[in-house]
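Just below is one structure, and these are the notes that go with it.
Every number here is computed from the coordinates shown, using simple stated rules; none is lab data. Since this is a predicted model, take the numbers as computed values, not measurements. With ideal geometry, Cβ positions are generated from the backbone for all residues, glycine too; neighbour counts draw on all protein chains shown.
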Amino acid sequence: MPNHPDNSYSTALTNGRIVLPDRLVTGQALLIEGDKIAGVVRQDELAENVHVLNVGGRYISPGLVDIHTHGAVHRSFNEPDATAYEAITVENARRGVTSLLATLAAVAPISELCACLDFCRSWMAGQHDGAQILGAHLESPFIDPAQCGGVNRKGLRVPADGSAEPLLAYGDVLRIFVLAPELPGALELVTALDRHGIIPAAGHSSARDADLAAAMACGLRHITHIWSAQSSTIRVGPWRKPGLLEASLVFDGLMVEMISDNRHLPPTLMALAYKCIGPDRLCVISDATSGAGLPEGSPFTIGGMAYEVREGVGMLIGDDTTFAGSSTLLNQMVPVLTDAVGIPLVEAVRMVTLTPAKAIGRADQKGSLEPGKDADVAIFNPDFTAWKTMIGGRWVVTD
C-alpha cells in the first residue's frame, strides 16, 4: 500500500478485530483520512475511492505508547546521537510502538544530561521513520542510594545542592522527572518541576507514605515502576509504617508505572496492582535497556556497568541478584497481561496505549482509535507481534 505525503487519501482497514478503549469491534472497518482517525464505520458505508486493506482477522490497535524506555539493540537515549535514536525508534516501530518518551538514566553529570535533552529537543523538531518521540523522561540522580538498583551510585546527588536548576530549562521537552521525595530539598524541587510543566515522579526511593503525601501536595502525580526500587512497610518501634509501595497502591490521584515482562514482577503482584489501581491509572512500561531486541546471552553496558540479556532482563554480569531494566519491548508485555495475569485484552491494550498517553497529557491526540486523533495504528498478529505499523497516517512498518 503506498504512502501519500499530501494527506488527501482515505484508507479503510477491514476484516480485523478493532480494539477500542471499552470493547472489541468486529465486522466493521477503521477509516483513516489523511493523518487522522475518521472513525469506525460499516463496510457498506465506504466510498468507492477508499483504499481498502484486509488485515486478515488480526487486531487493529492504537499504536502502543511507551513512556519509560531507555533503549534497544545496543543503543540508549543517553547517547545524543542520531544513529542511536534511529536504531531505538525504528526497533520500537517494528514492535508496534508508535510513541515513546526517550528515557535517560542518571549515569552522567548534569551537563551531559542537558546535552542529551538538547539533542532530544532537536530530534523532536524533525521528521523520522521510527516511533515518534513525545519528550524525555529523566530517572534523575536525585534518588536514594539504597534504592538505586542497577544505577551506578557515583553520580547520585541530593536536590538541596541546587544542581537540578539547569534541568528546569527543559520544560518544553522534559515530560517526567523521577526523584526520591524524602531527600533534602525534594519538596522544593517538586514544586519547581510542577511550575515548569514537568511531571514530578517518585521512584528509586525509601519514602514513607507521609513523604509521598507531602510531595503530592506540592504537585507530584506519578510513580515509577511499582515494586522496583521502592520502599515497603517497616517497623518503627512497635508500629508498622507504610512505604512508597503501599502508598502507590492506595493513594488516588497518581498515575503508576508497572513493568510487565513477567520477570520484574510475578503475576500475583501484577494482579494486585491491577486490582488496587485499575487500568485507567496503571501504565504498563517496558523500562527497556540497550539489551532489548538482542538475543539471549548478548552482552551490553549501561553507564560503564556490564550486563547480559537473560530471561527478559538485563542481568549484571557476575551478580545473579541484580538486574537493570528489561530486555523486553512493550508489545511482548500484552500477552503477559492477558495470559499470565488474566487481564481482559481491551483493558490490557488500554494500559499500553490510552493510559500512558493520559499520564503525559497527550490523550487528546494519542492512545485510542477515536475520531480526530492521530492515525497511529498497529496491526498485531494473535501473539502481538506487529504485522504493520502506521504513524501519523503513514505506514512505517509493513510485512
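Mind putting together the pair-distance distribution for the range 10-137? All Cα pairs, 10 Å bins, whole percent per bin, short to long.
Over the range 10-137, the share of Cα pairs per 10 Å bin runs 12, 34, 23, 20, 9, 1 percent.
Ratio of Rg to Rh for the range 74-157, alpha carbon only, Kirkwood?
My calculation puts Rg/Rh at 1.00.
The range 172-211: percent of C-alpha pairs farther apart than 11 Å?
Details: 476 of 780 pairs.
Summing the P(r) of the range 172-211 above 11 Å gives 61 percent of all pairs.
All other residues with a Cβ under 13 Å from the Cβ of LYS388 taken together, and with Lys, Arg as +1 and Asp, Glu as -1, what is their net charge?
+2
For the range 289-399, treating each Cα as an identical point scatterer without solvent, what Debye log10 I(q)/I(0) comes out at q = 0.10, 0.15, 0.16, 0.23 1/Å?
One equal scatterer on each Cα of the range 289-399 leads to -0.40, -0.82, -0.90, -1.18.
Taking every DSSP beta bridge with both residues inside the chain, roughly what % is antiparallel (nearest 5)?
Looking only at bridges with both residues in the chain, the antiparallel portion is about 55 percent.
Hey, what number do you get for the chain at 222 nm if only DSSP H runs of n ≥ 4 count, each worth -39500 (n - 2.57), divided across all residues, to the nearest 500? All intermediate terms of the calculation are to be shown ahead of the outcome.
Working: 8 runs with 78 residues, N = 399.
Helices in the chain give a 222 nm mean residue ellipticity of -5500 deg cm²/dmol.
Taking 29 Å as the cut-off for C-alpha to C-alpha distance, list the pairs among LYS36/LYS358; LYS154/LYS366; LYS241/LYS358; LYS275/LYS366; LYS275/LYS358; LYS154/LYS275 that go past it. Walk me through the intermediate numbers first.
Numbers: LYS36/LYS358 18 Å; LYS154/LYS366 38 Å; LYS241/LYS358 31 Å; LYS275/LYS366 25 Å; LYS275/LYS358 19 Å; LYS154/LYS275 38 Å.
Listed pairs above 29 Å: LYS154/LYS366; LYS241/LYS358; LYS154/LYS275.
Would you kindly give the portion of the calculated P(r) for the chain that falls above 31 Å, as a percent of all Cα pairs?
35
Determine the distance separating the Cα centre of the range 235-253 from the Cα centre of the range 18-73; give it in Å without decimals.
42
Tell me the net charge near ILE360. Cut-off is 12 Å between Cβ atoms, ILE360 excluded, with +1 for each Lys or Arg and -1 for each Asp or Glu.
Overall, the nearby charge balance is +2.
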